[in-house]
1. For B:HIS152 and B:ARG23 in the same chain, what is the full-extension length gain: residue separation times 0.36 nm, less their Cα-Cα distance, in nm?
2. Over the whole of B:114-126, what's the average partner chain Cβ count within 10 Å per residue? Rounded to a whole number, please.
3. Extent of the stretch A:376-432 along each principal axis, from alpha carbon coordinates, in Å, largest to smallest?
4. I'd like the Kirkwood hydrodynamic radius of the stretch A:196-246, using the inverse of the mean 1/r over distinct C-alpha pairs, in Å.
5. Please give me the summed charge of the neighbours of A:PHE200: other residues whose Cβ is under 12 Å from its Cβ, Lys and Arg +1, Asp and Glu -1.
6. Along each of its three principal axes, how wide is the spread of alpha-carbon positions in the stretch B:34-88, in whole angstrom units, largest first?
7. If R0 is 41 Å, what FRET efficiency do you get for A:SER576 and A:VAL387 from their C-beta distance, rounded to 0.05?
8. Once fully extended, how much extra length lies between A:ASP353 and A:LYS432, figured as 0.36 nm per residue of separation less the alpha-carbon to alpha-carbon distance?
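Derivation of every value follows stated rules applied to the coordinates shown; laboratory data play no part. Everything numeric here is computed off the predicted structure, so don't read it as measured data. Because the Cβ atoms are built from the backbone with ideal geometry, glycine has one as well, and the counts that use them run over all protein chains shown.
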Amino acid sequence: MSDYPQLDHLLSRYLDGTVNADELAQLESHLLADEKFAEHFSRWCLLHQQISELFTERALHEIMDQFVNGTPGLPKKALSHLASNSHKPPDTPTTFAFTGHRSADQGQPSVGSFFRRWLVLGAAAAAMVVITAWLIQHRPNSWLNDVPTSRDSANSNVVATLTQVVDGVWDPHATAFHPGQLLSQGNRIALQSGMVKVTFECGAEVVLQGPCDFVAESQMIGYLKSGKITANVPHRAFSFAIRSPEVDFVDLGTAFGVNVGSNGHTELHVFEGEVLCSQPKKEAAEHNEVIHVTADKAVEFNALGTEPADIALDKQQFARLISVRHAAEAPPKQLVSSRLALWLAADVAVMADAKQRVVAWPDILYGDNRAAEDATQNNEHARPTLVPQAINGHPAVRFNGQSDFMVTTPLETTDDQTVLMVCQFSSTAFDKNRRWGGQILNYDGPPGREANGYLSNTLNPGVLQIGEPLLAEEFKSTLLTGQVFAGFVGSATVESGRVDAKPVGADSPVIVSYRYDYTHGRASLAINGHPYGEARAFAPQGITSRKIIGRHAWKELFFHGDLAELLIYNKALSSSELADTTVYLADKYSIPLDSSGK
Amino acid sequence: MVSDAPHEPDDSPQDSPVRELARLWVQSQSVISAYITANVLDVQHAEDLVQEVAQVVAEKFDTFDRNRSFVSWALGIARNRVLKYYRSRARDRLVLSETALTKLEQALENVEHEVEDRRAALKICLERIQGRRREVLEMRYTQNAKVADIAHRFGMSSDGVFVMLHRIRTVLYGCIHRQLAKEGAR
């Protein structure tokens, strides 16, 4: 029996938020005057908190049961309304993780980050451990089977992606690769004729022309035994190397061509930047000689041990290779070119198989977008379809909502982002059996975060996502939302910069623009120029990752609809820049803009 | 030789400031969460505030005076955050004064040692709440439902829901007391 039956009544009212002013004054006076009542009050606070804790644990176990029974994904938001924070520490040692806030020394784990890890693990710890273990076992990996399982390049066997094949005829004694196929360390590319493009994990693009014999040795090294190649190396792939029987070439931020002919005759032609050449001496006691070759210069080497000789630059002999890479180069447009990172347009360049299924969607080189992170799909059963006149007479890539998606090669994106896309939902989006949202764009391409990263920690950086709300309780068909998913805090999902628009319906083309301005802490979403509000952008998201188009990162939640164009900028576009780009897309696709929102 | 010097954190893997902080926080988290959730009705906001307190505690841990009680220090930070929250948002309820909040912190510090036992006892006691009472309690705590919403869901009056919640809490409080007494008698 309580010593304070009358006051207990008021305590309940206080905890339920229904106490009135007189009652509160009564509580306060007792709290301040009576030490024993103050402790009694504090025990009621504990009771209130601990009921939440215990129900949270039980609810999490129920969610586990849902997984086992086959619901399509983790209902993360379903956890958010649960009270959080069990007091139990994890039994096992933790590793460092990162907070959702930018720090000056991001490279170092902070006290705060460790703390948050403990805090989050402390939240419903037992259930989280169970869920994590379950996910690790049941994560649907079928589409990830041939991709690296870790972001640690040292542990990854995948070194490159075969992003294009142009009339390729493979050496009958070597493996024939397909567009979109991932190349492992040591894979040999032996072409009799035709051309292929290989995009290394580091971002370097190498175009090979048959006959040639080439080996992908690592994420930063290719070995050209014979044949002709061009290499385009972005800054992030600085020191990418091409080895050959007679000479090794180390890139210093360049575009160059190499031709390895018979008898060890090797030519280097530098189109941009600078290349270091190292030619091993025949006598072991001699040091390798290193020479620099700069832009618009060419050098020849031979196997006879003679000195390298300057020759005339001959860009023409590499013209066909250069044209492969520049097939998706666009002429100047009325859109912003500054900090453009990815540009896919179905009317400019799409490579499809005989059934019009899209094998590769090349990144258009334009403005600051100097490296092509093409989207590809090696699995013929997961290829979307090219539809010639899908959106007001323009072609688009159609995703069937069941299995179709594409993945870019690793693309460097920054904390500040602007994404624009022209898309429309299909009528299948309104299938009555749909209960979970599909995603159009997700920045957590393979190798994605580990399951325990999702479940037991805040994610740093977060994952930009655009599409329908994922979770059953929020799902509305064709409702568009943009956010940066940043993991969990306690039992709640962390959604930074989330802005929901409205259902746009089927067969209704729209221009979606999502601007995530981490620098200034705000995110916004607009449809056809009409703004749908702002949200606080508090989570960093800069990362080099594959971007997934048409599905969620690890749950089978697909986009039902057409995508005609996708632009990703590594900055938050200014209002005028965003308006200009939106107008460009509106004009091109004959989509009326909503001027009322401006 | 056994040192009688006051305990100070060092850089060893076992006693680094990071580990010390983690240990202290884990010990104190329930009390801090209880303090915040009792005074902030909205669960989401309460969770955010717990996180904010955590962040501040971590950032200021270098300045923490080891001669003080950690929970007292952290509750002081929590009070500031709660007051800031009251100032920055429209109040959804009447709240305690700053003086009363301070008093509550002191009282919570006094009962901190009971946290583990009370939780274990509550776990047993909760199993005894069944039927509609259980459904009402779950809706209140798992969905953060307001009394009016629960009333609508169960076809009850708001007063009826409030009385039911109060009785359940009272039953649980008494049950915990008896459980602890039983444990103490063993």
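1. 42.1 nm
2. 3
3. 36, 28, 27
4. After inverting the pairwise mean of 1/r, the radius is 10.8 Å.
5. Here the count lands on -3.
6. 34, 18, 17
7. Here the calculated transfer efficiency is 0.80.
8. Numbers: separation 79, 0.36 × 79 = 28.44 nm, distance 3.20 nm.
That works out to 25.2 nm of additional length.
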